[in-house]
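For reference, the structure discussed in these notes is given below.
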Number of protein chains: 4
Amino acid sequence: MQPGKTAGKTAEAKRPRTRTQAVNREIILEAALSVFAKHGLRGSTVDQIASEAEMSKPNLLYYFRRKQDIYRALLEATLDAWLEPLAAIDPDGEPVEELRRYISAKLDLARRRPEASRLFANEILSGAPVVEDFLKGPLKALVDEKAAIVRGWVGEGRLAPVDPHHLIFAIWATTQHYADFDVQIRALLGTQVDGPGFSDQAAQAVLTIILSGVRPRD
Amino acid sequence: MQPGKTAGKTAEAKRPRTRTQAVNREIILEAALSVFAKHGLRGSTVDQIASEAEMSKPNLLYYFRRKQDIYRALLEATLDAWLEPLAAIDPDGEPVEELRRYISAKLDLARRRPEASRLFANEILSGAPVVEDFLKGPLKALVDEKAAIVRGWVGEGRLAPVDPHHLIFAIWATTQHYADFDVQIRALLGTQVDGPGFSDQAAQAVLTIILSGVRPRD
Amino acid sequence: MQPGKTAGKTAEAKRPRTRTQAVNREIILEAALSVFAKHGLRGSTVDQIASEAEMSKPNLLYYFRRKQDIYRALLEATLDAWLEPLAAIDPDGEPVEELRRYISAKLDLARRRPEASRLFANEILSGAPVVEDFLKGPLKALVDEKAAIVRGWVGEGRLAPVDPHHLIFAIWATTQHYADFDVQIRALLGTQVDGPGFSDQAAQAVLTIILSGVRPRD
Amino acid sequence: MQPGKTAGKTAEAKRPRTRTQAVNREIILEAALSVFAKHGLRGSTVDQIASEAEMSKPNLLYYFRRKQDIYRALLEATLDAWLEPLAAIDPDGEPVEELRRYISAKLDLARRRPEASRLFANEILSGAPVVEDFLKGPLKALVDEKAAIVRGWVGEGRLAPVDPHHLIFAIWATTQHYADFDVQIRALLGTQVDGPGFSDQAAQAVLTIILSGVRPRD
DNA sequence: TATGAATGAGCGTTCATTCAT
DNA sequence: GATGAATGAACGCTCATTCAT
């Protein structure tokens with residue numbers, strides 16, 4: 001899957017021509033991600049991003065002419081990364097194992113790119129003005145396809161009877177929660193969140209809970 | 001539990017002295033909730049709230065002197081409502097039944113006051129600047145207390161072995177997801193979200209998944 | 001001399017009809033004086049005055065319909081009080097004695113009503129928008145009359161040769177300085193300003209300096 | 001003496017980096033001086049200053065981020081200019097001659113920069129919120145030092161017995177009066193104020209009056 | 001590429017004043 | 001007399017964006 005393909009209405013993203021361009025665009029995107037993740041599109045200012053990117057505001061706007069353009073580019077990259085593991089669910093695989101792989105992949109994304117998760121959460125909370133079309137189009141298509149697979153597994157008795165869409169929601173909810181509500185989790189658990197075992201512990205818990213709910217009783 | 005008690009640093013919330021005050025403050029809070037839920041504190045403008053409340057901006061500020069005051073009042077009310085069912089978990093009750101009740105209560109809140117959930121999500125995403133102290137203080141205390149109860153149940157074999165904190169996170173994640181990611185869910189499921197059976201269906205799914213994960217295997 | 005007579009364009013000062021009216025108007029004027037003296041007409045707010053007068057804003061505006069009205073009333077009263085000792089200079093008196101009396105009277109006013117002095121200073125600094133006509137009319141007439149007297153005294157050799165207008169300015173400057181620059185004087189002299197002898201000491205110095213400058217050398 | 005040195009709490013006065021910066025900052029300061037001199041800090045608006053500087057409001061704020069910053073810069077420059085001649089009073093000089101020089105210098109400042117004098121007067125009238133520390137610190141130190149010199153002269157019989165501090169106040173009062181009460185003086189003297197001889201006449205009068213008061217009688 | 005300079009629109013908040021009771 | 005409620009106009013300041021170099 002190519003970046004910038006999935007999210008539909010691709011902004012006239014000027015392709016980087018030079019090395020400097022590519023580097024600076026990357027710097028800007030990284031800086032903007034951390035700002036947008038916290039305050040959303042409207043609550044973030046170009047000044048903050050420029051400051052975070054250690055760049056002058058006009059120079060930043062030389063690379064991305066509008067604030068929205070940076071925001072859109074970030075969302076597109078995020079969606080691309082998120083769809084990949086979902087698309088990888090194999091109808092011919094072992095159901096629980098396939099779900100375990102998907103959950104693990106999502107948890108891994110939440111751990112490695114928590115700000116991307118928060119960026120997306122912000123976008124959805126604010127009514128999905130930018131990704132609405134993408135949700136209703138490509139995402140819905142993919143989700144429906146995978147839901148059908150799950151429904152097939154349930155029909156075959158290889159999964160406990162569970163609504164496929166709600167299962168997917170539960171996976172999204174639990175995995176993304178660790179990124180989106182990171183501040184709350186830190187407030188409740190303190191420094192142990194940064195301890196070495198925390199990720200595994202969280203993964204273990206999520207997998208246990210979700211997979212127990214879908215593993216067929218015999 | 002009294003409104004405005006839980007969230008600590010209560011702004012000098014001038015109690016309404018007249019009928020008009022009470023009515024208008026309520027109108028403003030309702031309007032502000034729908035705005036803040038979408039765009040957070042920084043992304044929302046007093047103009048938007050005033051317009052939503054069908055009130056002039058200075059008149060709105062006659063009731064709440066600062067934008068922050070409205071925001072804080074809303075968060076406090078939300079936290080109060082959210083803590084009640086958690087506090088109600090009874091150590092002497094039947095474990096799965098207690099959890100079922102808590103999950104149902106949270107789902108009910110998500111259904112009846114989805115904007116409050118989004119308001120809170122926005123606050124957390126932006127780093128919890130307002131509720132940080134509350135999270136680290138009263139909430140942590142309550143959560144630790146309830147986690148101990150769960151841990152006790154697990155020790156007695158009345159629940160499957162699961163980390164209590166992560167279980168709580170999973171409950172929060174799955175229940176609030178229906179409010180916070182409502183737009184995404186609608187994009188994926190279409191009009192059926194507004195159908196009569198949807199809430200029950202969602203509740204059924206969440207309860208099935210979570211409770212299967214904690215019900216002890218024998 | 002009647003209050004409100006001197007300053008020309010007398011505002012439609014509704015005469016107090018009742019006891020309460022008279023009392024409240026006096027309270028307001030006293031409160032407003034302390035506010036206007038510090039921040040001038042534009043820099044002062046009705047809220048400040050109302051708060052200082054321990055009165056609600058609408059109630060205050062019931063007595064004086066506009067901020068300007070209070071300001072004007074205060075200026076008029078001040079000018080009345082100030083002109084009296086100047087008018088009292090007697091052409092048939094002993095020159096140095098007459099000046100001593102005038103200087104003493106002005107120093108006394110500065111000591112008893114320093115805020116009135118600051119109010120007037122503020123008005124002049126801001127271009128005398130309210131008292132301009134009064135300055136050019138009644139005040140000029142009176143000053144010219146007294147200057148003529150002084151000039152006569154100089155002509156008769158009863159005073160050292162000094163320009164009468166500049167002499168008056170010097171008197172005004174030195175006497176009002178103790179009220180207008182009170183904060184500066186306190187910063188430089190510390191608590192001794194409030195000591196019992198300070199006024200006398202200041203009076204002594206001013207009288208010495210000014211009168212030595214005008215006492216005829218023989 | 002360096003500008004911005006005397007007044008203590010120097011705002012992070014970003015030194016002009018470019019030609020345009022230097023020019024525009026100067027334009028703004030000049031415009032602001034004429035506005036602040038009339039209405040003080042609170043009574044003045046950024047709009048007025050911008051309009052006076054023939055500049056858009058945001059552009060003005062591009063050079064000085066806050067209204068206070070302009071105000072402070074102006075006060076610092078004024079204080080620097082004012083202290084110089086006071087500091088120049090020479091203990092080894094001829095007393096009356098030293099005082100004459102100081103008075104002349106102050107009169108010259110009042111004539112050349114009357115608005116600076118009014119700016120300062122406004123600041124003092126409003127309670128010296130910005131220069132309070134400066135008054136109590138550096139200014140008090142310098143004044144006390146010079147007062148000691150004067151006291152020495154008096155002790156040696158080279159000056160008439162006069163309180164040194166009150167002498168300084170009298171000099172300040174009379175010299176600054178021509179700037180601070182300019183409007184009043186014009187109202188009383190008419191066009192002659194702009195005549196060629198007026199400054200000399202005023203200087204003559206002030207010097208005569210003050211110096212006669214201090215010249216030792218023999 | 002990069003930056004200094006500039007601006008129209010807007011934002012949170014204050015203010016003088018009015019209205020209704 | 002006195003107060004709660006309401007508002008148009010500002011005010012200090014910020015923001016996204018543009019322009020010139």
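Observations
- Cα-based helix-to-principal-axis angle, A:19-43 vs chain A, degrees rounded to 10: 70
- Angle in degrees between helix A:140-155 and the longest Cα principal axis of chain A, rounded to the nearest 10: 10
- Separation in nanometres of the label points that stand 7 Å from Cα toward Cβ, at C:VAL23 and C:ARG100: 4.5
- The ranking of D:LYS38, A:LYS57 by Cβ neighbour count inside 10 Å, starting from the fewest, reads A:LYS57, D:LYS38.
- Cα centroid of region D:130-147 to Cα centroid of region D:92-114, whole Å: 19
- Alpha carbon centroid spacing (whole Å) that separates region D:154-196 from region B:62-82: 59
- Cleavage-rule hits, trypsin sites (Lys or Arg not before Pro), region A:147-218, DSSP coil, Cβ neighbours within 10 Å at most 12: A:ARG217
- Inter-copy separations for C:ALA148, label at 7 Å along Cα-Cβ, nm, ascending: 5.3, 9.8, 11.2
- Computed from backbone phi, the HN-Hα couplings of region B:175-192 come to 6, 5, 3, 5, 8, 5, 9, 3, 4, 5, 4, 5, 5, 8, 10, x, 5, 4 Hz, rounded to whole numbers (Karplus: 6.51 cos²θ - 1.76 cosθ + 1.60, θ = phi - 60°; Gly and Pro given as x).
- Considering only chain A, the C-beta nearest to the rotation axis that sends A to C is found at A:THR45, 16, the distance in whole Å.
- Alpha-carbon Rg/Rh ratio, for the protein assembly as shown, with Rh computed the Kirkwood way: 1.16
- The average projected area of chain C, computed from the convex hull of its Cα atoms over all directions, is 13.6 nm².
- Global form of region C:81-200, assessed from the alpha-carbon gyration tensor, a/c cut-off 1.5: oblate
- Pairs of Cα atoms farther than 16 Å apart, region A:19-70, %: 26
- Under the criterion of Cα pairs below 8 Å and six or more residues apart, the relative contact order for chain C equals 23 percent.
- Excluding same-chain neighbours fewer than eight residues apart, the aspartates and glutamates reachable from D:LYS38 by a Cα-Cα span under 12 Å are C:GLU123, D:GLU115, D:GLU123, D:ASP180, D:ASP182.
- Sorting D:ASP182, C:ASP180 by the number of Cβ atoms found within 10 Å of their own Cβ, with the fewest placed first, yields D:ASP182, C:ASP180.
- Cα gyration tensor category, rounded, prolate or oblate, for region A:93-146 with a/c compared to 1.5: oblate
- Placing a label point 7 Å from Cα along the Cα-to-Cβ axis, A:ARG66 is separated from the same position in the other copies by 3.4, 3.5, 4.8 nm, shortest listed first.
- Most fluctuating residue given options A:ALA22, A:ALA160, A:ALA116, as computed from a GNM of chain A linking Cα atoms under 10 Å: A:ALA22
- Seen against the Cα atoms of chain D and their longest principal axis, helix D:198-214 is set at about 50 degrees.
- Region A:122-218: GluC sites (Glu not before Pro) in DSSP coil with no more than 15 other Cβ atoms inside 10 Å: A:GLU156
- Label geometry 7 Å along the beta-carbon vector: C:ASP194 inter-copy distances in nm: 4.8, 5.2, 7.2
- From phi via Karplus (6.51, -1.76, 1.60), per-residue ³J(HN,Hα) for region C:101-109 in Hz, x at Gly/Pro: 5, 5, 4, 4, 4, 5, 4, 5, 4
- Annotation for region B:27-118: GluC sites (Glu not before Pro) lying in DSSP loop with at most 12 further Cβ atoms inside 10 Å of their Cβ are B:GLU54.
- Sorted ascending by nearby beta carbons within 10 Å, beginning with the fewest, C:THR45, D:THR20 become D:THR20, C:THR45.
- Estimated FRET transfer efficiency (C:GLU156, D:ARG151; beta-carbon r; R0 45 Å; 0.05): 0.75
No lab work stands behind these numbers, since they all come straight from the coordinates. Since the model is a prediction, treat every value here as computed from it, not as a measurement. Methodologically, a virtual Cβ is constructed for each residue, glycine included, from the backbone with ideal geometry; neighbour enumeration extends over all protein chains shown.
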